1. Counting only residues that are among the aliphatic types (A, V, I, L, M) and at pLDDT below 90, how many does region 8-29 have?
2. Of these, R63, R91, R85, which one is part of a helix (DSSP H, G or I), surrounded by 11 or more Cβ atoms within 10 Å (Cβ to Cβ) and at pLDDT below 85?
3. Select from region 5-51 the residues that are in a strand (DSSP E or B) and either without any contact (Cβ under 8 Å) to a residue 24 or more places away in the chain or surrounded by fewer than 13 Cβ atoms within 10 Å (Cβ to Cβ) (or both) and list them in ascending order.
Amino acid sequence: MELKQPLGLVLDEDELGNVFVETVAPLGNAARSGVVKKGDFVVMCSATFGDQLWSCRGVGLGRVLSAIKIRRGPVTMVFENAKERRGVVDRSGRVSKAQDDARLKAQEKKDRLMQELEEDEKDLKKGFFGLW
């Protein structure tokens, strides 16, 4: 979608650096389009010049805002609504759970090894075969 500046959007980013629409100004250019909704993710944005579009996935709010500010004239943006994004969020949730499980297993292994080390140190303090 092509939007004239000022866009009439308040953008924010999630913990993964994905930029989403926090607020649509009621009288702004985005609201007049009737397409952009609160919660929509910005997935592509006009390059600073030319007709190319750049991916905005995971780049963070600063980069997206810079691209919009530098752009002369209308800005082309591609949005993905929350319903379309649900599958992406579900997959990232599974990845996050797998990472948490891996961290937990690693911590358990570390704790077990530390316990063995402490037991070995106690045995060494007793002396050689308990004689010294």
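1. From region 8-29, those among the aliphatic types (A, V, I, L, M) are 9-11, 16, 19, 21, 24-25, 27; that's our starting set.
Narrowing the set further to residues that are at pLDDT below 90 leaves 16, 27.
Number of matching residues: 2.
2. On the way: R63 fails: at pLDDT below 85; R91 fails: surrounded by 11 or more Cβ atoms within 10 Å (Cβ to Cβ).
On inspection, the qualifying residue turns out to be R85.
3. Start the filter on region 5-51 by keeping residues that are in a strand (DSSP E or B), which leaves 9-13, 19-24, 41-46.
Answer for region 5-51, where residues must be in a strand (DSSP E or B) and either without any contact (Cβ under 8 Å) to a residue 24 or more places away in the chain or surrounded by fewer than 13 Cβ atoms within 10 Å (Cβ to Cβ) (or both): V10, D12, F20, E22, T23, V24.
The values are calculated or read from the model by the stated rules, or taken from the named source; none is laboratory data. Note that the structure is predicted; figures quoted are calculated from it, not measured. So basically every Cβ, Gly included, is an ideal-geometry build from the backbone, and we count neighbours across all protein chains shown.
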